[in-house]
Amino acid sequence: MTKTVRTILFILMVLIFTVISPGIIMYSQGYRFDIKKMKFLETGGIYIKTLPGDTTVSIDDNYKNKTSGFSRDLLIQNLLPENHTVKIEETNYHSWEKILEVKQKKVVEAKYVILFPNDIPFASVDNDIKNFYPYPDNNRMLLLTISNELLSYDSEKKETQRILSKTQTPYNISDILFSPTGKRALIKTSTGLHYLLNTETSTISLIKSMSSKTKNVVFDSNNEGSFFYQSNNLIYRINADKQNTPKLFKKENVDAFTVNGNDVYSFEDGLLYRDNVLLNINETLSKEPIETKDKTYELVSMENEIFLIENKKTVYLFNKETKIFDKKIEAKTELKYTPFYERILFAADNELWLLLLKDTETPFFVKACSTIFISRFSQNIGDIKWLNGDYFIYTLDNKVNISEIDNRDRINSFELPQSEVSKIFFNGNTKKLFLLNKEELIVSENKILPQ
């Protein structure tokens with residue numbers, strides 16, 4: 001090889017090194033060349049955590065890795081800052097797919113992904129069931145039969161026993177409310193009669209002081225068999241166990257009230273008041289009255305917050321700082337709602353809205369008391385319940401659906417085969433799902449949430 005050739009080769013290698021070395025250095029520091037933009041960009045990543053583990057994860061239809069059965073998580077790095085299609089799969093499970101935006105030097109999270117089984121088998125609990133009412137402990141429920149018997153079902157023991165016979169059970173039952181311990185139950189009828197049921201002794205008695213004008217009945221958490229109720233814009237307190245005469249608790253123009261522990265909150269002439277039962281303290285909480293003419297109201301205490309529901313359509317949240325009611329969500333027909341640990345899901349006709357009561361970082365980056373639109377459907381939403389803080393179950397035209405709240409891109413949801421479901425209940429203790437399908441109460445044979 002001549003000197004000239006060696007010189008040319010040396011110069012060529014220097015040029016190649018000069019061109020390639022910056023790219024190698026940038027690659028090692030997390031940069032990638034974007035052909036579309038024709039320049040180097042800092043990369044980002046996607047962090048994934050799934051239930052169950054051992055799922056297959058693909059990015060933009062390219063296999064990346066599997067989540068671990070031990071930690072169930074996976075970090076995928078060095079992704080160009082753009083939208084990426086993430087797909088998570090497991091045999092015999094519904095897949096999860098979503099488009100996530102990756103930004104430079106950022107890691108986007110999808111750490112609450114649950115894959116549900118394709119087949120969820122159900123077993124029959126009892127037939128000829130008209131309605132069911134879960135106890136506060138969630139492990140038992142009262143069953144109202146078509147023939148008007150009242151039964152008690154223990155989901156742990158899988159045993160059913162008669163509480164009241166056909167002749168003992170009141171006719172036209174419209175609702176059953178339990179005391180905090182479940183030892184007492186208030187039975188309401190559509191004719192205005194109210195009964196107190198002792199669930200331990202299976203004895204029932206008529207509460208003579210209550211009538212069709214009685215509303216907003218709330219058990220006193222400090223006294224079994226005692227509760228507050230509203231009648232003719234007055235609040236009464238009674239111990240029905242002792243058959244006491246009702247005592248007038250508040251004689252102002254009460255539009256609605258609710259109880260939270262020792263505090264009785266009342267809505268009077270457009271203002272919110274609080275009465276502490278133990279300390280005998282009364283205070284005015286709101287500073288600006290709401291126009292109440294020709295409107296009906298309901299006060300609800302959820303997650304230690306006070307909500308005002310107007311005409312069953314519009315929900316207001318009491319702002320403790322400004323001391324006014326902030327309008328949050330409005331429906332055309334009737335609102336439905338279900339709370340779960342500082343988050344409340346609202347069904348407004350055919351729309352789903354989420355109200356977060358604390359600052360949240362993922363999958364939403366929002367401040368406390370923010371409302372988030374989840375989804376819209378072609379039919380109105382029927383029953384709705386939480387499965388956990390990230391997944392919920394609901395009915396559309398009596399068909400059962402399970403969905404996530406993560407509204408980035410599209411929500412992942414699927415439909416169960418049962419087609420005539422009028423009521424749903426998820427037992428948070430056993431993780432099993434109860435459905436009233438036609439006139440049969442059925443329960444999932446396995447836990448709905450995978451291990």
Filtering region 365-395 down to residues that are without any contact (Cβ under 8 Å) to a residue 40 or more places away in the chain and either among the hydroxyl-bearing types (Ser, Thr, Tyr) or under 20 Å from Val86 (Cβ atoms) (or both), which residue is surrounded by the fewest Cβ atoms within 10 Å (Cβ to Cβ)?
-> Ser378
Given the conditions (1) out of contact with any strand residue (DSSP E or B) (no Cβ under 6 Å at 6 or more places or on another chain); (2) open to solvent by 70 Å² or more (accessible area, probe 1.4 Å), report the number of the one that Asn398 does not fulfil.
-> (1)
Which numbered condition Ile88 misses (of (1) assigned to a strand (DSSP E or B); (2) open to solvent by less than 20 Å² (accessible area, probe 1.4 Å); (3) farther than 30 Å from Ser58 by Cα) | (3)
Take the residues of region 199-228 that are within 14 Å of Gly261 (Cβ to Cβ) and touching a Pro at 6+ places or on another chain (Cβ under 7 Å): which is most open to solvent (accessible area, probe 1.4 Å)?
-> Ser221
Within region 49-69, restricting to residues that are charged (D, E, K, R) and more than 29 Å from the chain's Cα centre (by Cα), the one that is nearest to Tyr112 (Cα to Cα) is Lys66
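Taking region 135-174, which residues are outside any strand (DSSP E or B), within 13 Å of Phe434 (Cβ to Cβ) and open to solvent by 60 Å² or more (accessible area, probe 1.4 Å)? Walk me through it before giving the result.
Let us first name the residues in region 135-174 that are outside any strand (DSSP E or B), namely 135-139, 146-149, 155-158, 165-172.
If we keep only those that are within 13 Å of Phe434 (Cβ to Cβ) as well, we get 135, 138-139, 155, 158.
Lys158, the sole residue that qualifies.
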Would region 355-365 turn up any residue that is in contact with a Leu (Cβ under 7 Å, 6 or more places away or on another chain) and of a type in the set (A, V, I, L, M)?
-> no
In this structure, is Asp126 open to solvent by 40 Å² or more (accessible area, probe 1.4 Å), of a type in the set (D, E, K, R), touching a Leu at 6+ places or on another chain (Cβ under 6 Å) and touching a residue at least 12 places away in the same chain (Cβ under 8 Å)?
-> yes
In region 40-60, anything under 13 Å from Ile88 (Cβ atoms), touching a Ser or Thr at 6+ places or on another chain (Cβ under 8 Å) and outside any strand (DSSP E or B) is listed as Gly53, Asp54, Thr55
Within region 264-286, residues being more than 31 Å from the chain's Cα centre (by Cα) and assigned to a loop (DSSP other than H, G, I, E, B) number 4
Could you tell me whether Lys432 is over 14 Å from the mean Cα position of the chain (by Cα) and within 30 Å of Lys111 (Cβ to Cβ)?
-> yes
The lone condition Thr292 fails out of (1) part of a strand (DSSP E or B); (2) farther than 28 Å from Gly382 by Cβ; (3) β-branched (Val, Ile, Thr) is (1)
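The values are calculated or read from the model by the stated rules, or taken from the named source; none is laboratory data. Given the structure is predicted, the values throughout are model-derived calculations rather than measurements. In this analysis, Cβ positions are derived from the backbone assuming ideal geometry, glycine residues included, and neighbour counts consider all displayed protein chains. Heavy atoms of the whole protein, side chains included, go into the accessibility calculation; ligands, DNA and RNA do not. Shrake-Rupley method; radii C 1.70, N 1.55, O 1.52, S 1.80 Å.
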